[in-house]
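Structure first, then comments.
The values are calculated or read from the model by the stated rules, or taken from the named source; none is laboratory data. Since the model is a prediction, treat every value here as computed from it, not as a measurement. Cβ atoms come from the backbone with ideal geometry, glycine included; neighbour counts cover every protein chain shown.
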Amino acid sequence: MTMSHGSGPELHDADGNTYLDFLNNYTSTIHGHAHPRIVQSALQALHAGTANASIAEEQIALARMLINRIPGKNVTRRRPTRESSAALFVERKR
(Lines give C-alpha, C1' and ligand atoms only; values in the text may rest on other atoms or scores of the structure.)
Protein backbone atom coordinates (compact mmCIF):
# COMPACT_ATOMS: atom_id res chain seq x y z
CA MET A 1 0.00 0.00 0.00
CA THR A 2 1.46 3.37 -1.04
CA MET A 3 0.01 6.54 0.43
CA SER A 4 -0.16 9.57 -1.81
CA HIS A 5 -1.23 12.16 0.76
CA GLY A 6 -3.06 12.85 3.98
CA SER A 7 -5.78 15.32 4.83
CA GLY A 8 -7.11 15.81 8.33
CA PRO A 9 -7.70 12.35 9.84
CA GLU A 10 -7.58 10.60 6.47
CA LEU A 11 -4.88 8.95 4.41
CA HIS A 12 -5.26 8.48 0.66
CA ASP A 13 -3.45 5.77 -1.24
CA ALA A 14 -2.12 5.81 -4.78
CA ASP A 15 -5.18 3.84 -5.98
CA GLY A 16 -7.64 6.47 -4.72
CA ASN A 17 -8.78 4.65 -1.58
CA THR A 18 -9.33 6.59 1.63
CA TYR A 19 -8.46 5.32 5.12
CA LEU A 20 -8.90 6.75 8.60
CA ASP A 21 -5.48 7.24 10.18
CA PHE A 22 -5.80 5.78 13.65
CA LEU A 23 -2.04 5.93 14.26
CA ASN A 24 -1.45 9.62 13.46
CA ASN A 25 2.21 8.74 12.97
CA TYR A 26 2.24 7.71 16.63
CA THR A 27 1.01 11.15 17.80
CA SER A 28 3.35 13.40 15.81
CA THR A 29 0.40 14.34 13.59
CA ILE A 30 -2.11 14.66 16.39
CA HIS A 31 -3.70 17.66 14.66
CA GLY A 32 -4.25 15.65 11.50
CA HIS A 33 -2.46 15.68 8.19
CA ALA A 34 -1.83 19.05 6.53
CA HIS A 35 -3.64 21.10 9.19
CA PRO A 36 -3.98 24.59 7.65
CA ARG A 37 -2.49 26.48 10.62
CA ILE A 38 0.49 24.13 10.85
CA VAL A 39 1.08 24.33 7.08
CA GLN A 40 0.93 28.14 7.27
CA SER A 41 3.39 28.24 10.19
CA ALA A 42 5.76 25.89 8.38
CA LEU A 43 5.63 28.04 5.24
CA GLN A 44 6.34 31.19 7.25
CA ALA A 45 9.32 29.50 8.88
CA LEU A 46 10.64 28.33 5.51
CA HIS A 47 10.35 31.82 4.05
CA ALA A 48 12.27 33.23 7.03
CA GLY A 49 15.21 30.91 6.36
CA THR A 50 16.05 27.49 7.68
CA ALA A 51 19.78 27.52 8.41
CA ASN A 52 20.42 30.44 10.72
CA ALA A 53 23.51 30.01 12.88
CA SER A 54 22.13 32.24 15.60
CA ILE A 55 19.24 32.02 18.04
CA ALA A 56 15.77 32.53 16.56
CA GLU A 57 13.10 34.59 18.30
CA GLU A 58 10.91 31.48 18.50
CA GLN A 59 13.62 29.70 20.49
CA ILE A 60 13.69 32.54 23.02
CA ALA A 61 9.88 32.37 23.29
CA LEU A 62 10.05 28.59 23.84
CA ALA A 63 12.82 29.00 26.42
CA ARG A 64 10.73 31.59 28.29
CA MET A 65 7.72 29.26 28.24
CA LEU A 66 9.76 26.31 29.54
CA ILE A 67 11.39 28.37 32.30
CA ASN A 68 7.97 29.66 33.41
CA ARG A 69 6.41 26.18 33.36
CA ILE A 70 9.26 24.50 35.21
CA PRO A 71 10.34 27.03 37.86
CA GLY A 72 13.50 26.13 39.70
CA LYS A 73 14.31 23.22 37.40
CA ASN A 74 17.35 22.98 35.19
CA VAL A 75 15.69 22.33 31.82
CA THR A 76 19.06 21.99 30.11
CA ARG A 77 19.68 18.55 31.65
CA ARG A 78 17.85 16.67 28.88
CA ARG A 79 20.48 17.19 26.16
CA PRO A 80 18.85 20.01 24.21
CA THR A 81 20.33 21.16 20.95
CA ARG A 82 23.15 23.68 21.03
CA GLU A 83 20.74 26.40 19.85
CA SER A 84 18.09 25.68 22.46
CA SER A 85 20.77 25.63 25.18
CA ALA A 86 21.89 29.06 23.99
CA ALA A 87 18.30 30.32 23.93
CA LEU A 88 17.76 29.13 27.51
CA PHE A 89 21.02 30.79 28.58
CA VAL A 90 20.07 34.09 26.94
CA GLU A 91 16.56 34.05 28.42
CA ARG A 92 17.80 33.29 31.93
CA LYS A 93 20.20 36.24 31.79
CA ARG A 94 17.34 38.70 31.07
Query raised in the report: Hey, any hits in the range 9-22 for a residue that's out of contact with any Ser or Thr (no Cβ under 8 Å at 6 or more places or on another chain) and of a type in the set (Asp, Glu)?
Result: yes
Query raised in the report: Which residues, taken from the range 9-39, are under 30 Å from residue 58 (Cα atoms) and modelled with pLDDT of 95 or more?
Result: none
**Report entry** Of residues in the range 12-61 being in contact with a helix residue (DSSP H, G or I) (Cβ under 7 Å, 6 or more places away or on another chain) and not polar (S, T, N, Q), the one nearest to residue 2 (Cα to Cα)
**Finding:** 31
